[in-house]
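Beneath this line is the structure, given in structure tokens, with notes to follow.
The numbers here are math on the coordinates, done by the rules we state, and not lab data. Note that the structure is predicted; figures quoted are calculated from it, not measured. When we count neighbours, we look across all protein chains shown, and the Cβ atoms used for this are built from the backbone with ideal geometry, even at glycine.
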Amino acid sequence: MLVFPIFIIAVLRIVAYPLLSSWGFVISTNVISVDENLPRFFEAVKLQDADWFVNEANYLKDQYQFTFANKKVVDTLDEWAVAKKPISGIAWYNVLANPYYSRDFSYISVDTPNRNDLVIDGDDDEDNDCEQSDMVSILINLAYVRQTVAKSFEFNPNYRKDFGAAMTQAKIEH
């Protein structure tokens, strides 16, 4: 029973392999060395992109007691200067870093000047105007929120204070 498949494989190897090789359908053992002379990632991030990342991460940490970024990464990017060979396009795997997605989600970045004036909500309380936009960021970064908070929290008016308190309490209980 095992002889027949081995026979077929041997015949195909002898007959079909040269034909497939001539057409280019083989796995090559050649090692391709690509040296594009690219700098390290932190040396290639544009200053504007680094500022966006740092501002977003710090804002979530200050307002909502969580962040999507490692402190070491934020500190490294915060001290960064102008890149000599900058990354073109978007440097992050963060949906909100893409202006098309930000627009589609009606998200206004925290580094936007006069952000409070751009977000209009339905109440007279001027302290909570950005909560609408912040909710987008929280929901997109929900994986970084404590599980107990993510499961039980409700987005009510003025949720910012309650959310931050719930995150602090979850850290204490953990």
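Brief remarks on what is shown
- Remark: spin-label model distance R40-K151 equals 4.1 nm, labels positioned 7 Å along the Cα→Cβ axis.
- Pairs with C-alpha atoms separated by more than 20 Å, drawn from the list K72/K151; K71/K171; K61/K84, are K72/K151; K61/K84.
- Dipole check for region 41-161: with +1 at the C-beta of Lys and Arg, -1 at the C-beta of Asp and Glu, and the Cα centre as origin, the magnitude is about 820 Debye.
- Counting every other Cβ atom within 10 Å of each residue's Cβ, F4, F68, F153 order from fewest to most as F4, F153, F68.
- Order of S152, S137 - criterion: other Cβ atoms within 10 Å of each residue's Cβ, fewest first: S152, S137
- Neighbour counting of Cβ atoms within 10 Å sorts the residues W23, W52, fewest neighbours leading, into W23, W52.
- Here's the picture: a label point sits 7 Å out from the Cα of S109 along the beta-carbon direction, and within region 21-62 the residues with their amide nitrogen under 16 Å of it are 45-60.
- Based on DSSP H segments of at least four residues, each scored -39500 (n - 2.57), the chain has a per-residue ellipticity at 222 nm of -15500 deg cm²/dmol.
- Of the labelled figures (i) 1.26; (ii) 0.94; (iii) 1.69, only one reflects Rg/Rh (Cα atoms, Kirkwood Rh) as derived from the coordinates, namely (i).
- Debye-formula intensities of region 27-125, expressed as log10 I(q)/I(0) at q = 0.11, 0.12, 0.20 Å⁻¹, are -0.46, -0.52, -1.10 (one equal scatterer per alpha-carbon, no solvent).
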